[in-house]
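Written below as structure tokens is the structure these notes are about.
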Amino acid sequence: MSATEHPTVIDADFVQHLHERYAALREAGPAHRVRTSDGLPVWVVTRYADVRAALADPRLSKDVDGARRIVQDKLPNDQVRGTPDDAIAKHMLNLDPPDHTRIRKLVVKAFTARRVDELCPRVEWLTARLLDAFGDRDEVDLLDALAFPLPIQVICELLGVDEAHREDFRTWTNTLLDASDRGAAAAAAADLSGYLGELVARKRAEPDADLVSGLIEASEDADRLSRDELISMVFLLLIAGHETTVNLIGNAVLALLAEPGRWRELHADPGLVEPVVEEALRFDSPVMHGTFRHTVQPVDIGGVEIPAHEVVWVSIASANRDPQRFGEPDRFDPRREAQGHLAFGHGIHFCLGAQLARLEGRTALRQLSARFPGLRAAPALREPQWRYSTLIRGLRELPVLLR
Ligand code: HEM
């Protein structure tokens, strides 16, 4: 084993002990070649300055075809992951310039700050309605009752997805991101892509005020978004629009409940909600290791050379706990300067939905703390269980006592 190869396996146990394990890797060096549980060799970049630079480094490609070839070379038997469905794979988070630039420009045109601002009263209303539904219950799973349904309802309204299909979305996206069953994930991807094809066709025939109609219009004006690109775009917005925000809300509540007094403090001073959300994004970043990247030429990371044609995971979770950048990084402290955290990425792929995510996170926490000042962790939350995903940092459940 060379100095940069490391016996670490990124598996369910790693995810369960994420921050300890990353702290050890960060101490040991700026980049290591490790393996995923199914044997794929991946390089992890561990330190803040290197992660920030790597996220914006054009030598780390996001091109999905290149990624497929590398995975097939390294894991020849992995048929499922090696051949993701083209109809949903050609989204901008899977492309390099110039295609990325072309598509991002079109989406920015349709997904405006105004569209997000206009959603503000709607997010307030949806949150209030979800909290009303708690009724006189003493205990709820906050993931089920609030953190999941809020972002899915918001993104579905934004995109124009009908109510009848919203539950299907949860099943499809959950299955897609679960790292333990790749066959089921492929089937869910096919169902979802079929539904999105129908949605796009319907909006083309009967345009509305929603974002999908806006995207169709933008692409027809310029004739620059293919059918697959359009479907992939909607797919990306859907996944990115809720699988992340659910965990911003969940991880923030967990951090707040972990220490006595924090919840009451937020209740007493609702102005704290903005720094709480930023600190939660830093403390347990919902996107753990960025998204799939690979080297198109050798890249030097803090003196460690990563050869060409290697998979690289740029660890946002590790960067945001780097003591070189954030003092006492394992302490959740809303009063620190959390600005500069990399939870929304950096560079040309910087999250397009950051403002929407912040709006949802702040609204959920503000209303929840206003209505339930006595909220605390249920006994089952003493040992929080994390979902096994290679992308998303999120809890399996979040049982709380409301009063
Ligand atoms: C990209 C995080 C919410 C849409 C990204 C990236 C990160 C991220 C880290 C860059 C990934 C990389 O470079 O590898 C988050 C987090 C969220 C969140 C932590 C919630 C707390 C949202 C929402 C939407 C959204 C609500 C849309 C409704 C996107 C899109 C991209 C993206 C479209 C791709 C941008 C591009 O490739 O140019 N997000 N996101 N995200 N996000 Fe988010």
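Laboratory data are not the source of any read-out in this text; all were calculated from the coordinates shown. Here the structure is a predicted model, which means the values were calculated and not measured. Here the Cβ is made from the backbone with ideal geometry for all residues, glycine too, and neighbour counts use every protein chain on show.
Before moving on, here are some points about what is shown:
- Mean Kyte hydropathy of 0.0 or more with a Cα span along the axis of at least 30 Å, helices from DSSP in the chain: 182-205
- Each residue of the range 219-272 gets 96 Å³ once the volume of the Cα convex hull is shared out per residue.
- Packing-based ranking of 229-236, 337-344, 317-324 yields 229-236, 317-324, 337-344, ordered from highest to lowest mean Cβ neighbour count within 10 Å.
- Packing rank of 103-114, 288-299, where each peptide gets the mean count of other beta carbons within 10 Å, highest leading: 288-299, 103-114
- Nearby lysines by direct alpha-carbon distance to Lys74 (threshold 23 angstrom, same-chain neighbours under 8 apart not counted): Lys62, Lys90
- Quick note on the range 9-401: its Rg to Rh ratio, both from C-alpha atoms and Rh being the Kirkwood radius, is 0.95.
- Within the range 134-202, trypsin sites (Lys or Arg not before Pro) in DSSP loop having at most 11 other beta-carbon neighbours inside 10 Å: Arg137
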